[in-house]
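After the structure tokens below, expect a handful of questions from me.
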Amino acid sequence: MTDYRAPASDPPRSARRFVSPLNISITTSATETVVTVSGEIDLAVSDGLRQALEEELRFTPAALIADLSAVSFCDSSGFTALVQIRAKAEESGVPFIMVTQERALLRPMSLLGLDSVFTVHPTLDSARDALAR
């Protein structure tokens, strides 16, 4: 991605929309793999997110947790990728848990009926507690 620096004559930054890259980090342990995501999930990055999650599923972790606590936006392509991963995890027998308290994700999930499809926890600790039970 090219770093864009606006010339002084451009409108103020708040008047333009910048798409930030999606940041993904992965932490593994004997009990789970946590894929931590920050940024905005849209058409430009949703395939990369799906690929990263699929790659982790290939290792058949005890559980796959998508920590979306720092995701500020998710469009339909992002939700599609997450639904696909959930289905692949289920086929593999791997629990798939999402972590978020962001209204920007919870509201569309509710409107689309995805809140009944996904297992969502407000914190990483609560997701881990649920797995331990």
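In the range 116-130, is there at least one residue being charged (D, E, K, R), over 17 Å from Glu56 (Cβ atoms) and modelled with pLDDT under 95? Steps first, answer last, please.
So the first thing to find is which residues in the range 116-130 are charged (D, E, K, R), and the list is 125, 128-129.
Among the residues that remain, those that are also over 17 Å from Glu56 (Cβ atoms) are: 125, 129.
With modelled with pLDDT under 95 added as a condition, the list becomes none.
Within the range 116-130, not a single residue is charged (D, E, K, R), over 17 Å from Glu56 (Cβ atoms) and modelled with pLDDT under 95.
Can you work out which of the residues in the range 110-124 that are part of a loop (DSSP other than H, G, I, E, B) and hydrophobic (A, V, I, L, M, F, W, C) is nearest to the chain's Cα centre (by Cα)? Let's see the steps before the verdict.
Taking the range 110-124 and keeping what is part of a loop (DSSP other than H, G, I, E, B), we get 113, 117-118, 122-123.
Those still in the list that are hydrophobic (A, V, I, L, M, F, W, C) too: 117-118.
Working: Val117: 15, Phe118: 12 Å.
Across the range 110-124, the extreme among qualifying residues is Phe118.
Scanning the range 38-91 for residues that are farther than 14 Å from Ile26 by Cβ, in contact with a strand residue (DSSP E or B) (Cβ under 9 Å, 6 or more places away or on another chain) and of a type in the set (Ser, Thr, Tyr), which turns out surrounded by the most Cβ atoms within 10 Å (Cβ to Cβ)?
Ser46
Right, here's the next one. Limited to the range 23-71, what total is found for residues that are of a type in the set (Val, Ile, Thr) and under 18 Å from Ala104 (Cα atoms)?
First, pick out the residues of the range 23-71 that are of a type in the set (Val, Ile, Thr): 24, 26-28, 31, 33-37, 41, 45, 60, 65, 71.
When the remaining residues are screened for being under 18 Å from Ala104 (Cα atoms), the result is 36-37, 41, 45, 71.
Total meeting the criteria: 5.
So that you can scan it fast, the table gives a plain yes or no per residue for (1) at negative phi; (2) assigned to a strand (DSSP E or B); (3) at pLDDT below 95:
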| residue | (1), (2), (3) |
| --- | --- |
| Ser14 | yes, no, yes |
| Thr36 | yes, yes, no |
| Arg50 | yes, no, no |
| Leu53 | yes, no, no |
| Leu68 | yes, yes, no |
| Phe79 | yes, no, no |
| Leu82 | yes, no, no |
| Val94 | yes, no, no |
| Gln101 | yes, no, no |
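The values are calculated or read from the model by the stated rules, or taken from the named source; none is laboratory data. Computed from a predicted structure; not experimentally measured. Every residue, glycine among them, receives a Cβ derived from its backbone with ideal geometry; neighbour counts consider all protein chains shown.
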